[in-house]
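The structure appears right after this line, and notes come after that.
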Amino acid sequence: MSISGQNLSIVIVTLKSENVIDQCIKSINKNIPIIVVENSNNKKFKDDLELRYSNVRCVLSKSNIGMGAGNNIGIKLANTDYVLILNPDVKLHGSALNEIFLASQKLTEFSILSPISSEIKYPNYGMLNKKVEIKLSNEPFKVDYVDGYAMLFNKKKFKNDKYFDENFFLYLENNDLCLRTKREGGSIFVVPLAKIDHQGSKTLNSKYTNEVELSRNWHWVWSKYYYNKKNFGLFRALREGLFTYFSSLVKFLFYAVIKNNFKKNIYFNRASGFYNGFLGKTSWYRPKLDD
């Protein structure tokens, strides 16, 4: 079940990511095929990428469909047994892929592999039971979930091309997929010698910071409600979300009184995310990213 440069593809979902995509692509071996899924209808972006990089195929999704849905497109288009998804603000260390190849030779089976973040304070993996201690070594180790900005899929382990739940637009789609993988008997490993840098929240141009922040606050609360209800039931979803809902309403009123419009909108979006999730509405909110 070993991985090599001949049976691996890379998938990168982008949206107005011109400022970071080049450093991501340049950190990948030029012989490995890359599928970029651009969540817009930006033909110029597609043409420029494919002109500069002979191993890149860029697909336009036509609209902003989210990370999970975008990754699903790329994974299904890949003609290889293994697919590594990366956020465009991720950069591979020079030996990262080789370390993944070597680790795959040591494992008898796996559904998902992940490189490890170079930022030790912010690990890109975890256990559902926080009391379980993870002992780091140079060998691959099992975890319950990994962050979605760098995940390698063994496609044969996913029946009927069932990858990310596309009801999630942003946040927790990776946790949901990892939880389903574990429940279906799959295994998830981190490769500690395969290091990556993740800039974090640098995927979009900085001029969209406020719009992105409003979107994040809406989707974090919506996704948390949906994730908990789907996987653990209504009671847990309410228990985890009601305090956020009521405290957000209070803070919305406070910031409205002192006329801090940005903070007011932040807490309105948090309350709205929970309310829409509770009503069973889709994750419809989209940031305004028009130039």
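The values are calculated or read from the model by the stated rules, or taken from the named source; none is laboratory data. Since we're looking at a predicted model, the values are computed, not measured. Using ideal geometry, Cβ is built from the backbone for each residue, glycine included, and neighbour counts are taken over all protein chains shown.
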Here, strands (runs of 3 or more DSSP E) confined to segment 1-105 with at least 1 residues that are surrounded by fewer than 23 Cβ atoms within 10 Å (Cβ to Cβ), of a type in the set (Phe, Trp, Tyr) and modelled with pLDDT under 95 are none
Which condition from (1) outside any loop (DSSP other than H, G, I, E, B); (2) at pLDDT below 95; (3) within 23 Å of Lys281 (Cβ to Cβ) is the one that Asn160 breaks?
(3)
Unique match (being buried (at least 18 other Cβ atoms within 10 Å of the Cβ) and in a helix (DSSP H, G or I)) among Leu242, Leu179, Leu249:
Leu179
Ala96: passes all of (1) under 26 Å from Lys195 (Cα atoms); (2) touching a Leu at 6+ places or on another chain (Cβ under 8 Å) but (2)
Among Ser95, Ser27, which is the only one that is in contact with a Lys or Arg (Cβ under 7 Å, 6 or more places away or on another chain), touching a residue at least 40 places away in the same chain (Cβ under 8 Å) and not assigned by TED's automatic domain parsing to the domain that holds Trp220?
Ser27
Looking at this structure, is Ser283 under 22 Å from the mean Cα position of the chain (by Cα), of a type in the set (Ser, Thr, Tyr) and outside any helix (DSSP H, G or I)?
yes
List pairs: first residue in segment 176-192 and charged (D, E, K, R), second residue surrounded by 20 or more Cβ atoms within 10 Å (Cβ to Cβ) anywhere in the structure, Cβ distance under 6 angstrom, at least six positions apart or on different chains.
Asp176/Tyr227
Out of Ile116, Ile120, which single residue is over 19 Å from Gly5 (Cα atoms) and assigned to a loop (DSSP other than H, G, I, E, B)?
Ile120
